[in-house]
Amino acid sequence: MSFFQGVPVAIRGSGMYAPRKVVTNNDLSQIVDTSDEWIRERTGIQRRHIAEPGELTSTIAEKAGRAALENAGILPSELDMVIVATNSPDTLFPGVAPKVQGLLKAENAGAFDVQSGCTSGVYSIVLAVNGIASGLWKNVLVIGAEVLSPLIDWTDRNTCVLFGDGAGAMVLAPSNGNGRFISAQLKSDGTKHDQITFLGGLIENPASHETIDQKKHYVAMKGNDVFKFVNRVIPPFLKTLCEDAGMLPEGIDWWFFHQANQRIIERTAERLGINPERVFINLDEYGNTSAASVFIALSEFMKQGELLRGQKLLFTAFGAGMTYGGVIYES
Ligand code: UT7
């Protein structure tokens, strides 16, 4: 059974922040052997926002967090926990979340990071919901934030066209009758841990001249293997997630897929028999913002004002690990 127990938990507010600097596909075609046509056709991405030097994950996480708190009408001092989902922390330690908690002056809150590839956002939502549902916490700020651009090899066309920087956030709190998280499933296939990696600088490959020469301080990805893994695993996973919650995929009103590749999203939607108009897509503007992607998607969707009470939302992601997961919400 994958249902949340205890106090019903609602999304009280959302927000986002994307760095101002925009890099287009044509810009990239000036630095690697690629084209606007190839990137659009194979991924759906047109632009991505890239942080300026000095603009850190904590910097943009704070901005997204403030936007979500304002949207929720909740003060930083009312927070019990700040969770940051990220794969690009400013430093290994301290984590990003304690820095953000300090910047926000959320003096009553604890803080921790969640790192589980691009699925970190979905994992952190589930942790927050359980913490609130059990009565341990009341108001939780969950932020997905990435400044991946310094970790990308800008001479590698296999990766540099895909990722973007950005942050999104949700404020979660006990439901006042409007909205509740229904169910979730978090999964992993660790036998595929070599498909998306960043190997340099830690225990396995301490930083050295060799690790730099071997380009171990950059994201590496077996893109086509990831593509095949996701196309095989994710559609049946999502079908099961819906069925376990007592519904069919067509019973979900709005789909928030990890914004990695439009072909993956469309193929998954087709296999599940979902109406494409119910699938939110903004990867054309932001690229793959990893742990931040589902938060940025929700924030932009909420600004459109299309959500009606009682509608079902499904957030899902996959990423390094290989991890994947999904969570269902009723508005
Ligand atoms: O958050 C999780 C992150 N990871 C993902 O979501 C990645 C999932 N995978 C994908 O999105 C796709 O596999 C990619 C977009 C990465 C690649 O698309 P593909 O259709 O799987 O292409 P491919 O890797 O099979 O490569 C096809 C060709 C290759 O050339 P040859 O060997 O056929 O001559 C690549 O070298 O496309 C070439 N290629 C490019 N060409 C122009 C790879 N990247 C580029 C590029 N521009 N940027």
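We did not get these values from a lab; they are worked out from the coordinates using the rules stated. Given the structure is predicted, the values throughout are model-derived calculations rather than measurements. All Cβ positions, even for glycine, are placed from backbone atoms using ideal geometry, and neighbour counts span all protein chains on display.
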Practice task
Kindly put HIS258, HIS193 in sequence by how many other C-beta atoms sit within 10 Å of each C-beta, fewest to most.
Solution key: HIS193, HIS258
Handout entry: Within the range 227-329: Cβ-based charge dipole about Cα centre, in debye rounded to nearest 20 (Lys, Arg +1; Asp, Glu -1)
Key = 280 debye
Problem - Selected from SER293, VAL7, ALA269, residue furthest toward positive end of dipole (the chain; charges at beta carbon) - result: VAL7
Completion exercise
The local net charge around LEU162, scoring Lys/Arg +1 and Asp/Glu -1 for residues other than LEU162 whose Cβ lies under 15 Å from its Cβ, equals -3
Exercise for the section: Tell me which residues come under 5 Å, amide H to amide H, from ASN87 once H is placed; ignore anything under 5 positions away on its chain. Expected result: ALA291
Exercise for the section: Treat every Asp and Glu Cβ in the chain as -1 and every Lys and Arg Cβ as +1, leave all other atoms uncharged, and give the resulting dipole magnitude about the Cα centre to the nearest 20 debye. Expected result: 520 debye
Fill in the blank from the handout: Phi-derived 3J(HN,Hα) across the range 244-255 with the Karplus relation (6.51, -1.76, 1.60, θ = phi - 60°), rounded Hz, x for Gly and Pro, is 4, 8, x, 9, 9, x, 6, x, 7, 7, 9, 9
Problem - Residue among VAL161, GLY144, PHE198 farthest towards the positive dipole end of the range 135-243, charges placed on Cβ - result: GLY144
Fill in the blank from the handout: Dipole check, the chain, charges on Cβ (K,R +1; D,E -1), about Cα centroid: among GLN115, ILE39, LEU79 the Cα furthest to the positive pole belongs to LEU79
Completion exercise
Counting Lys and Arg as +1 and Asp and Glu as -1 over every other residue whose Cβ sits under 14 Å from the Cβ of GLU78, the net charge comes to +1
Problem - Least to most buried among GLU204, GLU250, GLU266 (fewest other Cβ within 10 Å first) - result: GLU204, GLU250, GLU266
Practice task
Kindly work out what percent of the DSSP beta bridges joining two residues of the chain are antiparallel, to the nearest 5.
Solution key: 70 percent
Problem - Karplus (6.51, -1.76, 1.60) ³J(HN,Hα), θ = phi - 60°, over the range 220-234, in Hz, Gly and Pro reported as x - result: 10, 8, 8, x, 5, 5, 4, 4, 5, 4, 5, 5, 7, 8, 6
Fill in the blank from the handout: Net charge (Lys, Arg +1; Asp, Glu -1) of residues whose beta-carbon lies under 14 Å from that of GLY144, GLY144 excluded, is -4
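What is the chain by shape, rounded, prolate or oblate, if you read a ≥ b ≥ c off the alpha carbon gyration tensor as root eigenvalues and call it rounded for a/c under 1.5, prolate for a/b larger than b/c, and oblate otherwise?
The shape class here is oblate.
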Practice task
For the range 220-278 and the range 21-96, write down the distance between their C-alpha centroids in whole Å.
Solution key: 23 Å
